[in-house]
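Read through the structure below, which is laid out as structure tokens, and then see the notes.
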Amino acid sequence: MVSPKYWRIVLKLSGEALAGSLGYGIDPDVVNTIARQVKDVMECRVQLAVVVGGGNIWRGIAGSAKGMDRATADYMGMLATVMNSLALHDALQKHGVDTRTQTAIEMRAVAEPYIRRRAIRHMEKGRVVIFAAGTGNPYFSTDTTAALRAAEIEAQVILMAKQVDGVYDSDPLKNPNAKRFKELSYIEMINRGLGVMDSTAASLCMDNKIPLIVFDLNKEGNIKKAIFGEKIGTYIGGEFNGERNNQ
């Protein structure tokens, strides 16, 4: 039997992914589909943590652009990630996946406070851990949360679940001739400004040598394929010498 390539993983979900075709809010069908895929992955006896964004409900930077205090707007965004995390938590529990949600901002009535060693212990016991409320600090994105938590729990990879099937040299929705990268180095991702994650998160991944796999969440089974090392999406890690783009 083939073993997973990665056994401790951080899965990064955008808030927009949870909205599905609704474009805003939480689509229960989408959350249910994600939970079903996570259950399939957990049956492979891997350790999984999840970071969920909040852009389907609120974006702090958007509020700031309209005159709101940036810190206040970012705290609102953190609360949006908690709402998404609880929705995913509920769906996972309904699928029989033992789950714990930990928040960087304490709200003990709904979730545990984030404690690194407790999170690792949960994962060792086969529980999915959802990291909510970002880093607990304004001015930091949930991409940075994913990179930071991955470093803290010594994850082997960050799976970046997107609405497209990888990283392109230009927007594939606007340019039909856009080419998808098979693989990239961290520094290329940063220098090209490809929008995979912000520069703070990218630097954290580069400094701690945490590879990224960017893939299409909408294709069911892709999470499992990624942890088994199948060639999907775009792999971002060290330096490469081979072919960079799909033709």
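Quick rundown of the values:
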read-out: Any hit, segment 101-122, residues being closer than 30 Å to K231 by Cβ, crowded, with 19+ Cβ neighbours inside 10 Å and touching a Ser or Thr at 6+ places or on another chain (Cβ under 6 Å); value: no
read-out: Near pairs, Cβ below 9 angstrom, 6+ apart or cross-chain, from segment 1-16 (closer than 18 Å to T144 by Cβ) to any residue that is at pLDDT below 95 and among the polar types (S, T, N, Q); value: S14/N56; S14/Q163; G15/N56; E16/N56; E16/Q163
read-out: Yes/no for D143 being among the acidic types (D, E), crowded, with 24+ Cβ neighbours inside 10 Å and touching a strand residue (DSSP E or B) at 6+ places or on another chain (Cβ under 9 Å); value: yes
read-out: Selection from segment 37-61 of residues that are in a helix (DSSP H, G or I), in contact (Cβ under 8 Å) with a residue 60 or more places away in the chain and charged (D, E, K, R); value: D40
read-out: Sole exception among (1) over 26 Å from G54 (Cβ atoms); (2) touching a residue at least 60 places away in the same chain (Cβ under 8 Å); (3) not polar (S, T, N, Q) for I153, by number; value: (1)
read-out: Of the criteria (1) out of contact with any helix residue (DSSP H, G or I) (no Cβ under 8 Å at 6 or more places or on another chain); (2) of a type in the set (D, E); (3) buried (at least 19 other Cβ atoms within 10 Å of the Cβ), which one E188 fails; value: (3)
read-out: Breaking point among (1) assigned to a helix (DSSP H, G or I); (2) of a type outside the set (F, W, Y); (3) more than 27 Å from R8 (Cβ to Cβ), for G67; value: (1)
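The values are calculated or read from the model by the stated rules, or taken from the named source; none is laboratory data. Being a predicted model, the structure only gives us computed values, none of them experimental. As a convention, Cβ positions derive from the backbone with ideal geometry for all residues, glycine included, and neighbour counts pool all protein chains shown.
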